[in-house]
1. Consider just the alpha-carbon atoms of the chain and return their Rg together with their Dmax, both in angstrom.
2. With every protein chain present, what is the per residue accessible area of the chain (1.4 Å probe, Å²)?
3. If one computes the Cα centroid of region 137-167 and of region 338-371, what distance in Å separates the two points?
4. Summarise the long-distance tail of P(r) for region 157-297 by giving the % of C-alpha pairs beyond 21 Å.
5. Determine ³J(HN,Hα), in whole Hz, for all residues of region 349-359 in sequence, where each value follows from phi through the Karplus function 6.51 cos²θ - 1.76 cosθ + 1.60 and θ = phi - 60°; x replaces Gly and Pro.
6. Which percent of the accessible heavy-atom area of region 247-320 goes to carbon and sulfur, probe 1.4 angstrom?
7. Quick one: which of Lys245/Lys276; Lys90/Lys193; Lys157/Lys245; Lys196/Lys284; Lys90/Lys245 span more than 28 angstrom between C-alpha atoms?
8. In the chain, with Lys and Arg counted as +1 and Asp and Glu as -1 at Cβ, which of these residues, Asn154, Val204, Ser59, has the Cα nearest the positive end of the dipole, that is, farthest along it?
Amino acid sequence: WRQPPGPRKWARAAGRAAAALGAAAILAIVTGAALTSALLGAARAVAVLAGARPGDDPSALFTSFLERQGGSAALAAALADCRLPADVAKIGVRLAGASGRKEPALIDALNQAGGLSAEPQRLSDDERAELVADVARLGDPARGEQVFRRTDLNCFKCHAIAAAGGQVGPDLVSIGGSAPVDYLVDSLIDPNKAVKEGYNSVVVATQDGKIITGIRVRQTDTELVLRNAEDQEVAIPLASIDEQKPGGSIMPAGLTETLTRGELVDLVRFLSELGKVGPYAVGKARVVRRWQVLEATPAAVDELTHTSFDAAATGDPRFQWSPAYSTVSGVLPADALPPIRIRYQQSSVGFARCRLVASSPGRVRLRVHPAAGVRAWLDAAGMESAEEMELDLSSGPHTLTFGFDLAQRREGLRCEIADVPGSAAQVEIVTGN
């Protein structure tokens, strides 16, 4: 510690963080207001974490230490010889890993305190039956969809919902209508136990010593094409193959190890609802589900500050766009947009774009909801935003770009393409990853 924070600063931060843990935790932190060092503050925080109840969220408490110089080291030291609920330790490990800094000491201390094993979880028959029962009794599909969309899990990298997402694993659009809950549990916890037909991997050894694993896409007279874990097609000349043998699931075991039990229950409940009649069934409307969002890079900030927002629709190669996906209901959430802080302005903006392909030219109807606070461009041409607009598309690819004032807008965006009576236009929304 070069300059230890004063006791009031630590007490205020810990007090704010403990709000998510309930009144008892708040009282425990407030009583630490006279603490005079970060180490004592960390010891008080560990006592609160150790007493957390199922369902409590200690994220803010962990964050208060991770955001302060020396805070993670103080917390790691305070965890020595302490025990934490496993779910609390998992949340701490997840936040430490996502902090952008290497925190091996804190992660090791949390694993030790929570009794977390490096080995993937294995369920007994009784534990599986209890988990399946809790999915029906306690699972919340809305929370489960948020878990599915989390960037640390990266589910969309391998799986699509209604063709939006990766193609390494099966499209999950109707999995809840065809797969029982116990199958979903096994697929998440032990992927090799229940592999969907057609998604067993192939392990190929080539004559030059390479090992390539992927899902078989096709085979011709000259080459074998596999789809690897990065959702890329790899063509292997048949003449170069030394050996090939069947593998298991390309989904690695242990991906759910960072989830709390409640998060796992919610995730399974969400998957179990996909395809059933209700809010998690994908309708027939042509809704944009696959987006790209503009990252808040220095180049983007500089260009948008010194030119105009029109620059976002120009295809400038200096801009970095990342994939994003709508919810099952078809809404791109506002929090999926990286906030870009424009210099000399108080507000932040965000940009998203989608792609269309017109195989036949003509007019189509674009429905945007809600349209308030949104600017729109078709290719590089600005448009007047409205709930319903007509687009006259030429044959070929097109890009729709939307800009948002994030200070005024808290809602997501639903974008739908519909036919115009009498128009010969044939338009498809680009999906995939």
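1. Spelled out, the Cα radius of gyration and Dmax of the chain are 25.1, 77 Å.
2. Per-residue value: 51 Å².
3. 23 Å
4. The proportion of pairs with Cα distances above 21 Å equals 53 percent.
5. Residue by residue, region 349-359 yields 10, x, 9, 9, 9, 9, 10, 10, 10, 9, 7 Hz.
6. Its accessible area is 55 percent carbon and sulfur atoms.
7. From Lys245/Lys276; Lys90/Lys193; Lys157/Lys245; Lys196/Lys284; Lys90/Lys245, over 28 Å: Lys245/Lys276; Lys90/Lys245.
8. Of the candidates, Ser59 comes out farthest on the positive side.
The values are calculated or read from the model by the stated rules, or taken from the named source; none is laboratory data. Predicted model, so just to flag it, every value in this text is computed and none were measured. Positions of Cβ are backbone-derived with ideal geometry, glycine not excepted, and every protein chain shown enters the neighbour counts. Each accessible area value is taken on the protein alone, full model and side chains, heavy atoms only, with ligands, DNA and RNA left out. Shrake-Rupley method; radii C 1.70, N 1.55, O 1.52, S 1.80 Å.
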